[in-house]
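Chemist: The structure under discussion is supplied below as structure tokens; questions concerning it will follow.
Where a number appears in this text, it was derived from the coordinates with a stated rule and is not lab data. Everything quoted here is computed from the prediction, not taken from an experiment. Glycine gets a Cβ as well: all are built from the backbone with ideal geometry, and neighbour counts include every protein chain shown.
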């Protein structure tokens, strides 16, 4: 398959990525002048060709590309979930505390998905859960419940009001 070919993954994709990013930066910043697409494209082409010609730099970029793709997918997932949270208060919106709770749930969801999909979650599970006894977790849960009760007691009746 063409997408698994080393020429595609180690030459064409890094070249295109660097060319497009450098061209976009030069166009947006207008460092070489306004309306100078030809000059911006030549500079971006030269930098992208240099990247392909230098193996160490190319290896760095090919190592970054998969993580960049994962990061973009995670941000997209976060922003999609964030878009479901209505803004404003009153009859059309929801109270501030409820929006904050939904923000927290969205962030926790993204983190749990990342830990579930990546090997990092298994390493953390092995280190934390498999390496300890159940009594330790019972104590941790009890301390969390006590802290939550103290938080509710200190906060009092002002949970639904804006600060």
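Chemist: Assuming R0 = 22 Å, can you tell me the calculated FRET efficiency for the pair residue 117 and residue 144, based on Cβ-Cβ distance, to the nearest 0.05?
Modeler: Rounded to the nearest 0.05, the efficiency is 0.25.
Chemist: With r as the distance between the Cβ atoms of residue 82 and residue 153 and R0 = 30 Å, compute the FRET efficiency 1/(1 + (r/R0)^6) and round to 0.05.
Modeler: With a Förster radius of 30 Å, E is 0.40.
Chemist: A follow-up question, please. Can you pull a Stokes-Einstein diffusion coefficient for region 8-110 at 25 °C (0.890 mPa s), Rh from Kirkwood over Cα pairs, as a whole number of µm²/s?
Modeler: D = 145 µm²/s.
Chemist: Which translational diffusion coefficient, to the nearest whole µm²/s, is obtained for region 1-67 from the Stokes-Einstein equation, given a Kirkwood hydrodynamic radius over C-alpha pairs, 25 °C and 0.890 mPa s?
Modeler: For these conditions, the coefficient is 196 µm²/s.
Chemist: Report the extension gain between residue 124 and residue 96 in nm, rounded to one decimal, defined as 0.36 nm multiplied by the number of residues separating them, less their alpha carbon distance.
Modeler: Difference between extended and current length: 6.7 nm.
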